[in-house]
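S.K.: Submitted below is the structure of interest, expressed as structure tokens.
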Amino acid sequence: MICNVFPETLLRLLLALCPNISSSGIQFATAQLPLLELMDCGMSVCDSNDESLISDEAINHGMEKRPNSNLHLIHQKLIIKHTKLKKLSLWGCSGLDALYLNCPELNDLNLNAYKNLLTGQQ
């Protein structure tokens, strides 16, 4: 819905701690928002088997420890091709096991708290 309303104006999209975001949702948003320069999806794609899932940082942002029933499955791949994206934050997205980026303007990438991430270049 956000992508339909702000496709030609949105520069920053902050979705950290949103539990209903998947890797395909992140890919869709980047594809539909051509002016996007900053995207924060911290703790949005999580491994439901990770015992240390909720970090102190997340708790400080108001997220409570709760059953993992609403968390996304592991082994998600994230592919982003974007010409204007400068900052991408995926801290705590332990459910991603592969990240492929083609973002020539990217100069700030936050991948804190990854365990199974493989990176590749396109």
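S.K.: Rolling a 1.4 angstrom probe over the protein chains, ignoring ligands and nucleic acids, what is the accessible area of LYS77 in square angstrom, nearest 10?
M.R.: Approximately 100 Å² for this residue.
S.K.: Which peptide among 25-34, 3-12, 103-112, 90-99 comes first, and what is the full order, when sorted by highest mean count of other Cβ atoms within 10 Å?
M.R.: 90-99, 25-34, 103-112, 3-12
S.K.: Just the accessible area per residue of the range 1-49, please: how many Å² with a 1.4 Å probe? Let's see the in-between values first.
M.R.: Numbers: 2510 Å² over 49 residues.
In whole numbers, the range 1-49 has 51 Å² accessible per residue.
S.K.: A further question follows. Before I look further, what does the range 74-116 give for accessible area per residue, probe 1.4 Å, in whole square angstrom?
M.R.: Details: 2190 Å² over 43 residues.
Per residue, the range 74-116 has an accessible area of 51 Å².
The values are calculated or read from the model by the stated rules, or taken from the named source; none is laboratory data. Owing to the predicted nature of the structure, the values given are computational and were not obtained by experimental measurement. Neighbour counts are summed over all protein chains in view; Cβ atoms, including those assigned to glycine, are modelled from backbone coordinates with ideal geometry. Please note that ligands, DNA and RNA were not included when accessible areas were found on the heavy atoms of the full protein model with its side chains. Shrake-Rupley method; radii C 1.70, N 1.55, O 1.52, S 1.80 Å.
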